[in-house]
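Read the structure below first, then the notes.
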Amino acid sequence: MNTFSSETEAVDALSDSYQKIRKEIGNVIIGQDDVVKSVLISIFSNGHCLLVGVPGLAKTLLVQTVAQVLDLSYNRIQFTPDLMPSDIIGSEILGEDRTFKFIPGPVFSNIILADEINRTPPKTQAALLEAMQEKIITVGGKTHKLPQPFFVLATQNPIEQEGTYPLPEAQLDRFMFNVFLTYPSFEEELQVVKNTTSNREVSLSKILTAEQIQYFQQLVRNIPIAENVLKYAVSLASKTRPNTSTATDEVNKFLSWGAGPRASQYLVLGAKCHAAISGKYSPDIEDVQAVAEPILRHRIVRNYKAEAEGITTESLIANLF
């Protein structure tokens, strides 16, 4: 779909499309600017996003709106303790002609909302996370490709922990971003209540197609990055690893585990995309810092001393800059 005469023109088109998407989403979603930004960066970076927030903060509405504006197919999967892998990926049934036929599950969609992913057992979590990583499903020895682009937005409720199955670190690592949702301000909540307690209907325009999104995903990877910015991103991830030559004193004191190489990869991709949507043709150190918190948040593990002293993950990340 490359109709642009140069990559700088294509980056301008991505920045322009991003602004249009933000404006369109803003007709439905009031506030949550950082959350919307993170979700869109995840999509354009070909990553996945984990949203953590209490019920009622428009997580489901957000992903429905994004799917509409981007003209993508969308499915919501409510994760429960009795959900089986076949309920997600699909299964084979015996047809009338005595041959097995594959019936695709809800995962065969462009955007998947995995609602309360920590409420289902590890076997079912793993089925979805394998699809996220490989972008294919294997059933009965046959491989089935998932539609492209493919994006998973998973949610977790931070309040209730009874009867939940927390995602292991290795599976959390497959999410590009871990985004915390906060309560809206008084003015934002006032606007939300006005909009949702009347007969107001919003007609959303479709801004991009699946083909255009895939083009922009490739464009983000092609954006050049200066050697010093690349080294900064890698050093930022390596600083989080306790008992290594690059670790800071604070990291050695308060962290059990640090971020792996996937964090470095996402810091670079996220910085490239953040620069592009900001109208820049190459990322700088500020772009790396802008995406660092949601990328590193779920990849570092505080030790008992940090928890006892009330040292937050966010403050540890901020002190790395």
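If the condition is being of a type in the set (Val, Ile, Thr), part of a strand (DSSP E or B) and touching a residue at least 60 places away in the same chain (Cβ under 8 Å), then segment 38-82 contributes only Val52. Any residue in segment 240-260 that is under 19 Å from the mean Cα position of the chain (by Cα) and of a type outside the set (Lys, Arg)? Within segment 240-260, one or more residues are under 19 Å from the mean Cα position of the chain (by Cα) and of a type outside the set (Lys, Arg).
With respect to the conditions (1) among the small types (Gly, Ala, Ser); (2) free of Cβ contacts under 8 Å to residues at least 12 places away in the same chain; (3) under 25 Å from Pro294 (Cα atoms), Gly95 lacks only one, and its number is (3). As for segment 106-117, it holds no residue that is out of contact with any helix residue (DSSP H, G or I) (no Cβ under 7 Å at 6 or more places or on another chain), exposed (fewer than 15 other Cβ atoms within 10 Å of the Cβ) and of a type in the set (Val, Ile, Thr). Where helices (runs of 4 or more DSSP H) sit wholly within segment 207-269, those with at least 2 residues that are surrounded by 15 or more Cβ atoms within 10 Å (Cβ to Cβ), in contact (Cβ under 8 Å) with a residue 40 or more places away in the chain and not assigned by TED's automatic domain parsing to the domain that holds Arg299 occupy 210-222.
Considering only segment 129-138, I want to know if a residue exists there that is in the same structural domain as Tyr183 (by TED's automatic domain parsing), without any contact (Cβ under 8 Å) to a residue 24 or more places away in the chain and among the hydrophobic types (A, V, I, L, M, F, W, C).
The answer is yes; a qualifying residue exists.
Residues in segment 1-58 that are closer than 14 Å to Val179 by Cα and surrounded by fewer than 17 Cβ atoms within 10 Å (Cβ to Cβ) were compared, and the one that is farthest from the chain's Cα centre (by Cα) is Val54. Kindly indicate whether any position in segment 177-199 is of a type in the set (Phe, Trp, Tyr), crowded, with 16+ Cβ neighbours inside 10 Å, at pLDDT 90 or above and not assigned by TED's automatic domain parsing to the domain that holds Ile111. Scanning segment 177-199, I find no residue that is of a type in the set (Phe, Trp, Tyr), crowded, with 16+ Cβ neighbours inside 10 Å, at pLDDT 90 or above and not assigned by TED's automatic domain parsing to the domain that holds Ile111, so the answer is no.
The values are calculated or read from the model by the stated rules, or taken from the named source; none is laboratory data. None of the values given here were measured: they were computed from a predicted structure. Backbone-built Cβ (ideal geometry, glycine too); neighbour counts: all protein chains shown.
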